[in-house]
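What follows is a set of notes on a single structure, which appears directly below.
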Amino acid sequence: MTLWKVYAMDDDYPGLWQHWYRHQGVAVGYAPYWGAKLHGETKDHWGGSWHRARKQLLQVAVGDFVVAALKGNRVGRLGQVTEIHVEDNEWDETVPRSKESPVGEMGRRIYVRWDLTCGPDDRDLVVALPEGARFTTGELRPTISQIRSRTLKQLRATMNDQANWVGLLAHFKYEKALSDYIAAYPHHLEDGLV
């Protein structure tokens, strides 16, 4: 049983963590469309990061644990891997297709069962990892990485400490990304006068 971290690129794709939470999974990018093949010869236009991610993806196993990481030493939830769909022919984007990305983004999926007894009850709260409980730089930087600096037990204890719970939107710049906020959280809007 291994502990993995997958980075939810919420700054680039607002609402991605919420999407992962609702759909019981995490995902990694590097679309086969762009030449990132999981097996055999592959292109790496990303400075070696695809080769590292590919190696990690091939090691993830059903029963392992995954924590969804957010910017600012924050994590969303801890989940246990139930299915792995990362093969080239299984691409299923979690970020919609666009003109810039005709196949979408973040489509190598790892399905999990979120542990709802670990961390905040409210899906709009996440855990800010305090000093001494944070992942190492080598664990934080990659899209996916094995966590060796913390045990599962230590991570659970940190995530269950209510003093570490913060609002998901605490680091969100409303003025700069109002349209992204509205798109990501339409259920938070109320009817009003125009």
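The values are calculated or read from the model by the stated rules, or taken from the named source; none is laboratory data. Note that the coordinates shown come from a computational prediction; the quantities given were computed from them, not determined experimentally. Note: ideal-geometry Cβ built from the backbone for every residue, glycine included; neighbour counts use all protein chains shown. Just so you know, the surface numbers come from the protein's heavy atoms only, side chains and all, with ligands and any DNA or RNA stripped out. Shrake-Rupley method; radii C 1.70, N 1.55, O 1.52, S 1.80 Å.
Quick notes on this one:
- Within region 118-137, residues that are among the small types (Gly, Ala, Ser) sit with their Cβ atoms under 6 Å from residues that are crowded, with 18+ Cβ neighbours inside 10 Å, at 6+ positions apart or across chains, in these pairs: Gly119/Arg77; Gly119/Val127; Gly119/Met159; Ala128/Arg74; Ala128/Asn164; Ala133/Thr158.
- Counting only strands (runs of 3 or more DSSP E) that sit completely within region 70-150, those holding 3 or more residues that are touching a Phe, Trp or Tyr at 6+ places or on another chain (Cβ under 9 Å) and under 17 Å from Trp17 (Cα atoms) correspond to 74-85, 108-114, 125-128.
- The condition of being out of contact with any strand residue (DSSP E or B) (no Cβ under 8 Å at 6 or more places or on another chain), more than 18 Å from Arg150 (Cα to Cα) and assigned to a helix (DSSP H, G or I) holds for only one of Lys43, Lys37, Lys55, that being Lys55.
- Residue, most open to solvent (accessible area, probe 1.4 Å), within region 82-91, restricted to residues that are of a type outside the set (S, T, N, Q) and free of Cβ contacts under 8 Å to residues at least 60 places away in the same chain: Glu83
- On the stretch given as region 168-191, residues that are at pLDDT 65 or above, part of a loop (DSSP other than H, G, I, E, B) and not acidic (Asp, Glu) total 2.
- Residues (charged (D, E, K, R), touching a helix residue (DSSP H, G or I) at 6+ places or on another chain (Cβ under 9 Å) and at pLDDT below 95) located in region 2-29: Asp10, Asp11
- Within region 144-167, being among the β-branched types (Val, Ile, Thr) and modelled with pLDDT under 95 holds for no residue.
- Within region 30-76, tally of residues that are in contact with a helix residue (DSSP H, G or I) (Cβ under 6 Å, 6 or more places away or on another chain) and free of Cβ contacts under 8 Å to residues at least 24 places away in the same chain: 2
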